[in-house]
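> Take this structure, written in structure tokens, and hold onto it; I'll ask about it next.
The values are calculated or read from the model by the stated rules, or taken from the named source; none is laboratory data. Since the model is a prediction, treat every value here as computed from it, not as a measurement. Here the Cβ positions follow ideal geometry from the backbone for every residue, glycine too, while neighbour counts run over all protein chains shown. Please note that ligands, DNA and RNA were not included when accessible areas were found on the heavy atoms of the full protein model with its side chains. Shrake-Rupley method; radii C 1.70, N 1.55, O 1.52, S 1.80 Å.
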Amino acid sequence: MKITLTLTLLMFVQVLFGQKSLTPQWQSDTTLRSPESVWVDAKNKVLYVSNTIAFEPNTTAFISKLDMDGKFIKKDWVTGLNAVLGIGIHKNRLYAAEAFAKSIAVIDIDKASIVKRITIDGAELLNDITVDSKGIVYVSDTRLGKVYRIENDVPMLYAENLKGANGLLAVGKDLYVLSDGALVKIDQDKKTTVISKGMEGGLDGVVQIKPNEFVVSGWQGLIYHVKPDGSNTVLLDTRDKKINAADIGYDKSSGMLYVPTVRSNSVQAYKLD
């Protein structure tokens, strides 16, 4: 009876104060190769995972295709990539950031093949990708603290002076950027607003779970919940186990959060409650 009352009280506190929790569901096998980014295709029940292999120039990387339970549909779904990091999808195209090649590989999903590359002159370390509802691609350059906007295959500088710019998320006409321990919003007029700050762990990925509410990952092994008022709390800390938390994916329909672990060579799934 005492245990039941304790659990009931805990659930009441979580609801009252908007606290979230993560419950482990599954872990993929460990034959992935430095998985860095997970893209969720909830409609087709597929997870796409970028495999960086080694974070250095001229590394032959690949993308894996998994089912929603972490089982391989095809481990080497698309090969011939160069140190691939962030990935994003619009319609039948998957866009993959090739970190040191200064290019975005454009992949035909039906054919599972690279159809072209978009070069970004002057870039130094392309990292995360997001694609808005119109198919406009945004990619971060972490080393230079910049974000590029690509429309009709033409890249243009969109924002700069964003220290360590990494995770990106396009929501409507706004672009959210992880920079220097903070979640920053850039609106259509390029007005910059700090949404939440003071987060640690080398911020890497960001997903929206509700309007004005986000989950953010820190590469060293931290997962944060960012509340509508801008406050943030730690949902998960695996730093002592040396398990990374890179560019996360989220399925709103099931409330599942997918975490690529990089050095542990797996994807871990958690139920967000």
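> Could you please give the count of residues in the range 212-226 that are closer than 16 Å to V262 by Cβ and free of Cβ contacts under 8 Å to residues at least 40 places away in the same chain? Before you say what the answer is, go through the steps one by one.
Restricting attention to the range 212-226, the residues satisfying the condition of being closer than 16 Å to V262 by Cβ are 217-223.
Narrowing the set further to residues that are free of Cβ contacts under 8 Å to residues at least 40 places away in the same chain leaves 218, 220-222.
Going through the range 212-226 one residue at a time, the tally reaches 4.
> Looking at this structure, is I243 among the β-branched types (V, I, T) and in a strand (DSSP E or B)? Let's see the steps before the verdict.
On the way: among the β-branched types (V, I, T): yes; in a strand (DSSP E or B): no.
So I243 does not fit the description; no.
> Also, I was wondering about something else. Scan the range 8-16 and tell me whether some residue there is modelled with pLDDT under 90, open to solvent by 80 Å² or more (accessible area, probe 1.4 Å) and part of a strand (DSSP E or B).
no
> Can you tell me which residue is nearest to V40 (Cα to Cα) among those in the range 86-117 that are open to solvent by 10 Å² or more (accessible area, probe 1.4 Å) and among the hydrophobic types (A, V, I, L, M, F, W, C)? Before you say what the answer is, go through the steps one by one.
First, pick out the residues of the range 86-117 that are open to solvent by 10 Å² or more (accessible area, probe 1.4 Å): 89-93, 95, 100-102, 108-117.
Cutting the leftovers down to among the hydrophobic types (A, V, I, L, M, F, W, C) gives us 89, 100-101, 109, 112, 114-115.
On the way: I89: 9, F100: 25, A101: 25, I109: 14, A112: 17, I114: 20, V115: 22 Å.
Checked the range 86-117; the qualifying residue nearest to V40 (Cα to Cα) is I89.
> Hey, another quick one. Just the residues that are among the basic types (K, R) and modelled with pLDDT of 95 or more, please, taken from the range 21-43. Break it down into steps so the answer makes sense when it comes.
Taking the range 21-43 and keeping what is among the basic types (K, R), we get 33, 43.
Across the range 21-43, the qualifying residue is only R33.
> Still on this structure, I have one more. Give me a count of the residues in the range 244-265 that are more than 16 Å from the chain's Cα centre (by Cα) and either free of Cβ contacts under 8 Å to residues at least 24 places away in the same chain or more than 22 Å from T52 (Cβ to Cβ) (or both).
Number satisfying all stated conditions: 2.
> While we're here: Here is a check on your reading of the model: is K242 within 23 Å of L162 (Cβ to Cβ), of a type in the set (D, E, K, R) and loosely packed, with under 15 Cβ neighbours inside 10 Å?
Values: within 23 Å of L162 (Cβ to Cβ): no; of a type in the set (D, E, K, R): yes; loosely packed, with under 15 Cβ neighbours inside 10 Å: yes.
So K242 does not fit the description; no.
> Assess whether K43 counts as being open to solvent by 20 Å² or more (accessible area, probe 1.4 Å) and in contact (Cβ under 8 Å) with a residue 12 or more places away in the chain. Spell out the reasoning first.
Numbers: open to solvent by 20 Å² or more (accessible area, probe 1.4 Å): yes; in contact (Cβ under 8 Å) with a residue 12 or more places away in the chain: no.
No: the conditions fail for K43.
> Which one of D237, D204, D247 is surrounded by fewer than 20 Cβ atoms within 10 Å (Cβ to Cβ) and not β-branched (V, I, T)?
Numbers: D204 fails: surrounded by fewer than 20 Cβ atoms within 10 Å (Cβ to Cβ); D247 fails: surrounded by fewer than 20 Cβ atoms within 10 Å (Cβ to Cβ).
Step by step, each of D237, D204, D247 is checked, and only D237 is surrounded by fewer than 20 Cβ atoms within 10 Å (Cβ to Cβ) and not β-branched (V, I, T).
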